[in-house]
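Reviewing the structure listed below.
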């Protein structure tokens, strides 16, 4: 019997994952991860870890599998929380869920599991794993979940071949209603439990309060930039190479306060992110204001009216070499090679047609249609059909 350690989170997905593995004849052990917790910033009744660990324990008891809790708060704080503070300080917007999978679940947690003699680590993610033989080698594939509404392959976009080789995703072939149905039939305590929201394993966090622990409030101005601004109407130059054109398409507009009208005040540009609408507290505009850029150096937030504001849209983005990751290392592009893919820049976004262009210092992703709020620090992931083959941090 192969031994599988399941990350039991106290939710319905991992509960059913554990049950399915047991049914398939694996020796299953449930492990609950206690991650960094700070009551001052968590919306406590949303996702208290104590309730979750209790639920996970009750599920393990019901399924008749061994269970224990491990405390990963130190590693979580070091690898996720500190990284988040650092990124926000630089004016970037990190994605903690992607990092949590790469750094915690499939690294720290996986190492603990393997030390406990596990052959595999399993989670309740809605995605699938495939294997193919290529040049006599086994290659692992990260495939989208069958439930297109819940597909979570994007959150696993940074996994390596080594991590995938030891991972199992038992519910990837099921839809959420089917998962709930199984849990109900088994009378599991998690059957009707709401999906957890917010930071991976911390729960819902009030982001400004969370960031204020490290990043001090600093009063600044909110500037509204008109859609008629010259920056959006400048004629594109004639390009001699494709790379020149891509550089032009990804170039950041450098706004200054003179480019618009001061319409309000804020408590710190580093608390805001591109595309954000809530929390600006500026009224009296025909359409709501959206953040089109933040300047953490001068502490200014630039906004535009309406979700069609030209300041929100771009056709291309760039990923530097050191932030570039291929799940399928065998498909990595060489300099000057291109690849037609489907790509997304955020979870739950519909896949969009795009072309990858590999250059000396990184990779350009050019979309067929302009994308709204391409945000530095977030992840772009690209697919061939339903297989996620690579990803990178938007620079």
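Here, each number is a calculation from the coordinates, and none is a lab measurement. Predicted model, so just to flag it, every value in this text is computed and none were measured. Because the Cβ atoms are built from the backbone with ideal geometry, glycine has one as well, and the counts that use them run over all protein chains shown.
Quickly rank 50-59, 151-160 as a protection proxy: mean count of other C-beta atoms within 10 Å, highest first.
Details: 50-59: 19.0, 151-160: 22.9.
Listed from highest to lowest mean packing, they are 151-160, 50-59.
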- prompt: Modelled label-to-label distance, residue 384 and residue 175, 7 Å Cα→beta-carbon offset: nm?
  reply: 3.0
task: Could you work out how far helix 49-63 tilts from the main Cα principal axis of the chain, as a 0 to 90 degree angle to the nearest 10?
output: 40
- prompt: Dividing the convex hull volume of the alpha carbon atoms of the stretch 313-393 by its residue count, what do you get in Å³ per residue?
  reply: 85
- prompt: Is it possible to state the helix-based mean residue ellipticity at 222 nm for the chain, with each DSSP H run of 4+ residues giving -39500 (n - 2.57), the sum divided by total residues, to the nearest 500 deg cm²/dmol? What is it?
  reply: -5500 deg cm²/dmol
task: Would you mind calculating the gained length between residue 282 and residue 336 on full extension (0.36 nm times residue separation, minus the Cα-Cα distance), in nm to one decimal?
output: 14.8 nm
Distance (nanometres) between label positions extended 7 Å along Cα→Cβ at residue 298 and residue 244: 3.0
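Length gain on complete extension for the stretch residue 313 to residue 257, per 0.36 nm per residue less the alpha carbon to alpha carbon distance?
Values: separation 56, 0.36 × 56 = 20.16 nm, distance 2.03 nm.
Between residue 313 and residue 257, full extension yields 18.1 nm more.
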query: Can you work out the FRET efficiency for the pair residue 360 and residue 184, with r the C-beta to C-beta distance and R0 = 41 Å, to the nearest 0.05?
result: 0.15
query: Order of 241-250, 8-17, 357-366 by packing, highest average Cβ count within 10 Å first?
result: 8-17, 357-366, 241-250
- request: Mind jotting down the distance between the C-alpha centroids of the stretch 270-331 and the stretch 1-25, whole Å?
  value: 39
message: Below 8 Å, C-alpha to C-alpha, sequence gap of six or more: please give me the relative contact order for the chain in percent.
response: 17
task: Take peptides 214-222, 20-28, 122-130, 312-320 and line them up by average Cβ neighbours within 10 Å, highest first, as a rough protection proxy.
output: 122-130, 312-320, 20-28, 214-222
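Take every DSSP beta bridge whose two residues both sit in the chain, then give the antiparallel share in percent to the nearest 5.
Antiparallel bridges: around 75 percent, rounded to the nearest 5.
Full-extension gain between residue 395 and residue 235, please, as 0.36 nm times their residue separation minus the C-alpha to C-alpha distance. Write down the numbers at each step before the final one.
Numbers: separation 160, 0.36 × 160 = 57.60 nm, distance 2.45 nm.
Net length gain for the segment: 55.1 nm.
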message: Please report the spacing between the Cα centers of the stretch 154-191 and the stretch 334-366 in Å, no decimals.
response: 28
- prompt: How far is helix 12-23 tilted, in degrees, relative to the longest principal axis of the Cα atoms in the chain, given as a value from 0 to 90 rounded to the nearest 10?
  reply: 40
message: Please compute the modelled spin-label separation between residue 165 and residue 68, points set 7 Å along Cα→Cβ, answer in nm with one decimal.
response: 2.6
